[in-house]
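The values are calculated or read from the model by the stated rules, or taken from the named source; none is laboratory data. Predicted model, so just to flag it, every value in this text is computed and none were measured. A quick note on method: Cβ atoms are made from the backbone with ideal geometry, for glycine too, and the neighbour counts reach across all protein chains shown. Just so you know, the surface numbers come from the protein's heavy atoms only, side chains and all, with ligands and any DNA or RNA stripped out. Shrake-Rupley method; radii C 1.70, N 1.55, O 1.52, S 1.80 Å.
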Amino acid sequence: MSNIPETGRTQRVTIRLVILQILVVSLLLTLGGRLWYLQIRDGQQYTAEAASNNIQNVVAPAVRGSILDDHGVPLADNQTKLVVTVNRTDMMQMKDDGKAVLTRLAGVLGMSYQDIADQVRLCDAHTPRPCWNGSPFQPVPITDKATSQQALEIMERREDFPGITAQPTAVRHYGAPSGASAAQVLGYLSPVTDQEIQASMKNGQPTLERSDQVGRSGLEHTYDSELRGKNGVTRYQVDNRGRVIGNAGDTPAQPGNDLVTSLDSRVQALTEKDLNQAMKEARTTYDPVTHENFKADSGAAVVMDVHTGQVIAMASEPTYDPNEWVGGISEKDYQALTDPSSDYPLLNRAIQGQSAPGSTFKVISTSAAAQAGYDLGASDYPCTSSFSIGNQVFHNDENESYGDISIGRALEVSCDTVFYRLAYDQWLKDGGNNPKSPKDWFYKTAHEFHLGETTGIDLPGEVGGRVPDRQWKKDYYQAMKKSWCAQAKTGKHDYSTDIAREDCADGYMMRAGDSVNYAIGQGDTLVTPIQEAMIYSAIANGGTLYQPTIGKAVVSADGKNVTPIQPKAVGKLPDSQATLKYIDNALAGVITDGTAEWKFGGWPQNKITLHAKTGTAEVYGKQTTSWFSTYTKDYAIVMTISQGGTGSGGSGLAVRDIYNHLYGVQSNGSIDASKAMMPSPQVALPKIDTDGLVSQAAYDVPGPDAFANSLEGGSSGADAGSLTALEPDRHQKLPFGRRYQT
């Protein structure tokens, strides 16, 4: 008899069916749970995300804040220009994708169809520039150089130009009415990168848009977040084909804040002009060493308020026009700015140009000598024509000899051999080639003057210079030993190989020659003009080192909120007041009876005491670098010219001309207060009205030609007349922030 049940199922089949039913039920439960999770627990989130797929944002760029001088004159502002834009959405809805419209537009603008089509196409990994990198729903700018006639033709024939607009738009503009450029100080703008957008993420959303422009250098970079403002957004409803079907609301743009600086546009223009003129003069001057004219290939100048560290003017040569970057720089212009033959005008040599300071460094050596216990009051320091260490002879400039003199007199006449002896004597006291616990006063003092580090000025890219102390010597030796020793093995006997052979053997040691060269600002020491301005300002004000600043206040667009940028003291010089007075008197003697006397004859020293130190720095393979560091009770002015000759010879007259204009000093040495450009630093901020306008402190703003007076003399009557201060209660309304210049 059979054991098969009546149902026809075996036990094995029954078990399989039960397992299958369990699997089906499990899958249904899993699916149901997932549906509950998506539709109920996280339903609102996914509903919002689905809705957002039908919303597209169009960004309305915020108007960038202005950069103003200390009287409210715009240095970087916004001009209204007629900008022609193309709406891609409208083009895509046409049968020919807008080709006919773009062809007509090209005819009006004097462009080719392909030029416009390339600008309108979207950027991707396979599309070369030009292309549009912003939102596909954003109007694409074609040109900001449209004429009024072209704009009228487009707007009056709307039926022929659907999706095309020509309207006034804010466009960045650089330069002051005085002709001041301040290119490296102001910086420039360029489009944001994908990496910057990603880095700007906050709460899961980027704070930067593809259409944004960001500051790339200068104040535009440092204060970018304050100047940029917040973009507005218009939200459009679109269907699944990308067609706009409605408006979902908008958020208005918030204009950026304005930056008031300590720069004075008139002094800035004058400083730029005088530096440029000094370099031209140097190129006509014969160099007796190289038997050709000086090259004067680059230079920098800084004018600083000695009591705050605020920069009144900062010039760098060679320079450029920052307006070249507006709207995107051309490949040709970019190559011109970055080609080595241009000598890199994008560099701000006031904060990035490093060179040996020459004899301007001797104020630090004098301070070091005082700390080391040398008697500043003594007058028995030999100023001989040369000084020997072993078989090495170190010469005084032009082999001059002044007999026994004081250290102060050595500063006045810039006697190298006095400082050679001081440094050598201290090197011996520190143990010579076998030091145990060296005091290193000369190196320690340089660090106390804050050399070898950045000043902290509110500009990007500053470099810190170099103090070649014992630690630096050791670190540099480790980095260069392999290269030096390889060169030494070549067996050559040229200058470079002989030095490499010495350095391979004991380049880590602080040798006597290193110390004596260092004492006169030669050797491996490097400083920047802004560091010199900071140091000489500190000597002028009694010993306080101020962090240099250019920003003076951040002001809201409506002028209601003002955030001052306060001067910041970062240290004190190591000198006693007696030592500072000693140095101060010696530097005044440089003008009346020292190395700068030949350029400052007739200067009213009894009324405006001027202090100075000249420097002529030697650079291997190049002509000498001119340094001239000066100060009065109000200002420090530092100028340097690479391959520009002697300190006073290359820079002296240019610096004097700046002082002439600041104080109203005439060619005969008299002072005409009515012609003084800036007899004392500006303290107050420009008055900001509630409507966003700035009341400019009244003065005439001359063009660059007004500063064409001779460098040998003071202000001529005709030239100085354009600088005459007007009544203090007369105010001129200038565009401030949101009010565009036309």
### Task
Filter the range 492-538 for residues that are polar (S, T, N, Q) and assigned to a helix (DSSP H, G or I) and give the result.
496, 497, 515, 517, 531, 537
### strands (runs of 3 or more DSSP E) wholly inside the range 248-361 that include at least 1 residues being in contact (Cβ under 8 Å) with a residue 60 or more places away in the chain, crowded, with 16+ Cβ neighbours inside 10 Å and of a type in the set (D, E, K, R)
258-261, 298-305
### Query
Looking at this structure, is residue 140 surrounded by 17 or more Cβ atoms within 10 Å (Cβ to Cβ) and at pLDDT below 90?
yes
### Task
Please give the number of the condition residue 644 fails out of (1) open to solvent by less than 10 Å² (accessible area, probe 1.4 Å); (2) within 16 Å of residue 604 (Cα to Cα); (3) in a loop (DSSP other than H, G, I, E, B).
(2)
### Summary
Over the range 109-149, the set of residues more than 23 Å from residue 56 (Cα to Cα) and in contact with a strand residue (DSSP E or B) (Cβ under 9 Å, 6 or more places away or on another chain) is 109, 111, 115, 116, 143, 144, 145, 146, 147, 148
### Task
Name the residue, out of 430, 425, 404, 440, that is under 25 Å from residue 611 (Cα atoms) and open to solvent by 10 Å² or more (accessible area, probe 1.4 Å).
404
### Message
Can you tell me which of (1) modelled with pLDDT of 95 or more; (2) open to solvent by 30 Å² or more (accessible area, probe 1.4 Å) is the one residue 738 doesn't meet?
### Response
(1)
### Query
Tally time: how many residues in the range 542-569 are more than 30 Å from residue 298 (Cα to Cα), out of contact with any Gly (no Cβ under 6 Å at 6 or more places or on another chain) and open to solvent by 10 Å² or more (accessible area, probe 1.4 Å)?
12
#### Entry: Test for residue 124: is it out of contact with any Phe, Trp or Tyr (no Cβ under 9 Å at 6 or more places or on another chain), acidic (Asp, Glu) and either at pLDDT below 90 or surrounded by fewer than 17 Cβ atoms within 10 Å (Cβ to Cβ) (or both)
yes
### Message
So residue 661 passes all but one of these: (1) assigned to a loop (DSSP other than H, G, I, E, B); (2) more than 27 Å from residue 527 (Cα to Cα); (3) open to solvent by less than 10 Å² (accessible area, probe 1.4 Å). Which condition number does it fail?
### Response
(1)
### strands (runs of 3 or more DSSP E) (entirely within the range 108-201) containing at least 3 residues that are touching a residue at least 60 places away in the same chain (Cβ under 8 Å)
164-174, 189-191
### Query
Quick check: is even one residue across the range 233-247 open to solvent by 80 Å² or more (accessible area, probe 1.4 Å), closer than 26 Å to residue 133 by Cβ, modelled with pLDDT of 80 or more and more than 19 Å from the chain's Cα centre (by Cα)?
no
### Query
Got at least one residue in the range 81-89 being modelled with pLDDT of 80 or more and in a helix (DSSP H, G or I)?
yes
### Query
So how many residues does the range 191-232 have that are β-branched (Val, Ile, Thr), open to solvent by 30 Å² or more (accessible area, probe 1.4 Å) and within 22 Å of residue 140 (Cα to Cα)?
2
### Summary
Only one of 613, 633, 622 is basic (Lys, Arg), open to solvent by less than 10 Å² (accessible area, probe 1.4 Å) and either in contact with a strand residue (DSSP E or B) (Cβ under 6 Å, 6 or more places away or on another chain) or outside any strand (DSSP E or B) (or both), namely 613
